[in-house]
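Below is one structure; the comments refer to it alone.
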Amino acid sequence: MSRIVAQPLTRENFAPFGDVIDMGGDNRYPINGGKAMRYHDLATAEAVGPNARVLISMVRGTPYEMPLKLTMVERHPLGSQAFIPLSPRPFLVVVCHDTKDGPGEPHAFLAGPGQGINYRRNLWHGVLTPIGQEQDFLIVDRAGDGSNLEEFYFSHPYEIHLPWKLSHDRHFADRPPARRDRARHRAEDR
């Protein structure tokens with residue numbers, strides 16, 4: 001089983017896959033008489049096909065056991081899909097470039113407090129993966145006619161690990177390596 005360690009989610013390292021949704025951008029301005037700050041144009045929602053429309057939903061996600069055994073990814077050929085957490089908890093983001101044979105090797109990111117993501121249309125990605133406890137999310141995606149879900153099952157699963165600094169927290173299920181292995185894992189996590 002191939003081992004992948006989640007990297008911190010940044011606008012730069014996630015750009016090939018979609019948008020990071022947070023308040024870190026420069027496109028902001030005051031509204032409501034200066035009582036609120038609008039962080040504008042954070043992501044591009046896509047919806048194509050017959051009777052397509054963008055919709056907003058909510059979901060409550062249950063955490064997976066860590067390390068995550070990634071056996072399947074999915075994609076939505078007719079629309080983008082955004083997940084915005086409603087609590088300041090991290091969650092795992094797994095994405096794959098498309099190849100002529102299906103999804104390529106996964107890339108894993110750790111979304112920090114205050115960060116959401118927007119998957120581009122037709123991007124292979126893992127399922128919603130809260131870490132440590134249930135988490136609520138706002139979802140922006142596509143509704144309309146046509147099939148907007150494709151799934152791919154890997155012949156050999158991948159094992160996705162949290163960075164050791166996070167995984168040693170007792171609230172998360174990924175156990176720390178034994179003392180003699182910590183230095184090796186720290187080097188791998190960089």
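The values are calculated or read from the model by the stated rules, or taken from the named source; none is laboratory data. This is a predicted model, so every value here is computed, not measured. Using ideal geometry, Cβ is built from the backbone for each residue, glycine included, and neighbour counts are taken over all protein chains shown.
For region 148-164, the tally of residues that are over 17 Å from the mean Cα position of the chain (by Cα) and at pLDDT below 95 stands at 1.
Counting only residues that are in a loop (DSSP other than H, G, I, E, B) and over 22 Å from PRO67 (Cα atoms), region 133-156 holds 6 of them.
The requirement of being within 15 Å of the chain's Cα centre (by Cα) and on the phi > 0 side of the Ramachandran plot is fulfilled somewhere in region 114-126, by at least one residue.
Residue-by-condition table, conditions (1) over 14 Å from the mean Cα position of the chain (by Cα); (2) within 28 Å of GLY146 (Cβ to Cβ):
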{"position": "PRO67", "(1), (2)": "yes, no"}
{"position": "HIS76", "(1), (2)": "yes, yes"}
{"position": "GLY79", "(1), (2)": "yes, yes"}
{"position": "GLY112", "(1), (2)": "no, no"}
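So how many residues does region 1-41 have that are under 13 Å from GLN115 (Cβ atoms) and among the hydroxyl-bearing types (Ser, Thr, Tyr)? Selection size over region 1-41: 2.
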